[in-house]
Amino acid sequence: MASWSILSLFALAVVTEAAIGPSAQLTVSNVQLSPDGFTRDTVVVNGQFPAPLITGKKGDTFNLNVVDSLTDKSLDTVTSIHWHGLFQKGTNWADGPSQINQCPIIPKEDFDYKFSVPDQAGTFWYHSHYRNQYCDGLRGPLVVYDNNDPQKSLYDIDNDSTVITLGDWYHYLSTQAPGVPAPNTTLINGKGRYSGGPASDLAVINVTKGTRYRFRLVSISCDTNFIFSIDSHKFSVIEVDGVNHQPLLIDSPQIFAGQRYSLVMTADQDVGNYWIRAQPNNIVATFDGGLNSAILRYKTATVADPTTTSSLSLTLNE
């Protein structure tokens, strides 16, 4: 089922909670959501979209019990989960690709994923690895922190609030899409607006003037790549795909499906509201009406849409 409803603005909001892990239960189920104001059936983890942030520390063992509670016959009802970017040394059985490393989990059954991260830290993500199921919603960020991070002196804040997900969103169900469908919406932290749709809520990232933030930018996209930027702000790239990087000053990285960046941004502008932009390559590439956008809001700023403009000169192109 897929339809637009005014109720979606209120009753079917995107649900997000605190991070979980390294030991947790992940219940995969179906709900109707409208992250962009268009209501459709989805696949979620613990009732959340995007799926909850999973965190751990370098050296941890992750114990993740995945329960298949899928019931919607219009979508795939079996599943498996891949932990994208983790090496799985000695635990290839826990890597997740269905029909390759494991049989998919069937409804009313569960599977225990157990793996260690002895020598990795950084920004990762996880997603369904059964057909195109992750495009229906089963996708979320995963962060492995390093207590001895050699770049820790470069930032002040690195927590749940500084993880930013970028994703494309489809009004077609993955099981019913004709050929390769065009995405309808850019979602930033699970929220967005589509062309011709309602003025749905946009994601807001709150900052305090003078503070340095490590933004962990995660593309949980199915297909779309984005040019990411925040008006009037620059970034220092310090990590790419789980590997530390010598700081590189930019104002706009291009990010493809599955890629991750750690971007250090100093909140050094006047107190106010600034547009966060994710220009897509295959969705309506306008920012009019808040499309492809979110909001960076300084502490004590008025709650309002930004009026800022974009001027880029240091794009990091792939």
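The values are calculated or read from the model by the stated rules, or taken from the named source; none is laboratory data. Only a predicted model underlies this, so the values are computations on that prediction, with no experimental measurement involved. Heads up, the Cβs are rebuilt from the backbone with ideal geometry, glycines too, and the neighbour counts pull from every protein chain shown.
In the condition set (1) under 18 Å from the mean Cα position of the chain (by Cα); (2) surrounded by fewer than 20 Cβ atoms within 10 Å (Cβ to Cβ), Phe228 is compliant with all but (2). Considering Gln254, Gln246, Gln259, the condition of being out of contact with any strand residue (DSSP E or B) (no Cβ under 6 Å at 6 or more places or on another chain), at pLDDT 95 or above and among the polar types (S, T, N, Q) is satisfied by Gln246 alone.
Among the conditions (1) over 27 Å from Gly37 (Cβ atoms); (2) buried (at least 19 other Cβ atoms within 10 Å of the Cβ), the only one that Lys234 does not satisfy is (2).
For region 65-119, a residue qualifies if it is touching a His at 6+ places or on another chain (Cβ under 8 Å) and under 19 Å from Asp136 (Cβ atoms), and the qualifying residues are Ser80, Ile81, His82, His84, Gly96, Pro97, Ser98. Output the residue which, of all residues in region 278-292 that are within 15 Å of Thr165 (Cβ to Cβ) and out of contact with any Leu (no Cβ under 6 Å at 6 or more places or on another chain), is surrounded by the fewest Cβ atoms within 10 Å (Cβ to Cβ). Once the filter is applied, the top-ranked residue is Pro280. You will find that of Leu70, Leu75, Leu86, the residue that is in contact with a helix residue (DSSP H, G or I) (Cβ under 7 Å, 6 or more places away or on another chain), in the same structural domain as Gly140 (by TED's automatic domain parsing) and part of a loop (DSSP other than H, G, I, E, B) is Leu75 and no other.
For region 151-166, a residue qualifies if it is of a type in the set (Val, Ile, Thr) and in a helix (DSSP H, G or I), and exactly one does: Thr162. Restricting attention to region 120-150, the residues that are part of a strand (DSSP E or B) and under 17 Å from Gln176 (Cβ atoms) add up to 1. Regarding region 92-111, can at least one residue be identified that is more than 30 Å from Ala177 (Cα to Cα) and either under 18 Å from the mean Cα position of the chain (by Cα) or in a strand (DSSP E or B) (or both)? No, region 92-111 has no match at all. Here Asn244 meets the list (1) part of a strand (DSSP E or B); (2) touching a helix residue (DSSP H, G or I) at 6+ places or on another chain (Cβ under 7 Å); (3) surrounded by fewer than 20 Cβ atoms within 10 Å (Cβ to Cβ) almost entirely, failing just condition (2). Looking only at region 41-82, which residues are touching a residue at least 60 places away in the same chain (Cβ under 8 Å) and at positive phi? None; the set is empty. Can you confirm whether Ser229 is outside the structural domain of Leu53 (by TED's automatic domain parsing), touching a Lys or Arg at 6+ places or on another chain (Cβ under 7 Å) and part of a strand (DSSP E or B)? For Ser229, the condition - outside the structural domain of Leu53 (by TED's automatic domain parsing), touching a Lys or Arg at 6+ places or on another chain (Cβ under 7 Å) and part of a strand (DSSP E or B) - is met.
Considering the conditions (1) in contact (Cβ under 8 Å) with a residue 60 or more places away in the chain; (2) closer than 15 Å to Ala294 by Cα; (3) surrounded by fewer than 22 Cβ atoms within 10 Å (Cβ to Cβ), Thr162 is excluded by exactly one of them, (1).
Condition check ((1) surrounded by fewer than 17 Cβ atoms within 10 Å (Cβ to Cβ); (2) at pLDDT below 95) across all residues:
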| residue | (1), (2) |
| --- | --- |
| Ala11 | yes, yes |
| Val14 | no, yes |
| Glu17 | yes, yes |
| Ala24 | no, no |
| Asn30 | no, no |
| Thr42 | no, no |
| Val45 | no, no |
| Phe49 | no, no |
| Asp60 | no, no |
